[in-house]
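Step one of this worksheet: look at the structure below.
Just so you know, all these numbers are worked out from the coordinates, no wet-lab data involved. Given the structure is predicted, the values throughout are model-derived calculations rather than measurements. No Cβ is skipped: glycine too gets one built from the backbone with ideal geometry, and neighbour counts run over all protein chains shown.
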Amino acid sequence: MCLLINILAISGSLRAASQNTMLLRAAKRLAPTEIHVDLYRGLGALPLFNPDVLALGPPAPIAELRSRIISSHAVLIASPE
């Protein structure tokens, strides 16, 4: 029995030709079959923090990211310098 490991990969850059994103894509491509690298592409949709909005519940992009983090075994963040 092979355990599938889920890794959520988040690039801290929104730039189309981001080297951070390229590295995460390479990690996905080179990962062994028992490791699933899930590239998160919703960074640009995340709203700025506003505690008044949170009182109504988290906005949809936050709820979706939270769900993906919870369902992952690890989070890999590639952050610009």
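Tabulated data
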| read-out | value |
| --- | --- |
| Relative contact order, percent, the chain [alpha-carbon distance under 8 Å, six or more residues apart] | 49 percent |
| Residue-by-residue Karplus 3J(HN,Hα) for segment 53-62, coefficients 6.51, -1.76, 1.60, Hz, glycine and proline x | 6, 5, 4, 8, x, x, x, 3, x, 5 |
| Hz values of 3J(HN,Hα) by residue in segment 16-30 - Karplus curve (6.51, -1.76, 1.60), Gly and Pro given as x | 4, 9, 4, 5, 4, 5, 4, 5, 5, 5, 5, 4, 5, 5, 8 |
| The chain: most fluctuating residue of 56, 30, 43 per GNM, C-alpha cutoff 10 Å | 56 |
| For residue 36, distant residues with modelled amide H under 5 Å away | 5, 6, 7 |
| For residue 78, distant residues with modelled amide H under 5 Å away | 10, 11, 12 |
| Approximate spin-label separation residue 68-residue 55, in nm, with each point projected 7 Å along Cα-to-Cβ | 3.0 nm |
| Ellipticity estimate at 222 nm from DSSP helix runs (n ≥ 4, -39,500 (n - 2.57)) divided over the chain, nearest 500 | -9500 deg cm²/dmol |
| Positive-end extreme of charge dipole, segment 5-78 - chosen from 73, 26, 11 (charges on Cβ) | 26 |
| Dipole in debye (nearest 20) - segment 5-78, about Cα centre, beta carbon charges: Lys, Arg +1; Asp, Glu -1 | 280 debye |
| Overall Cα dimensions of the chain - principal axes, largest extent first, Å | 44, 35, 17 |
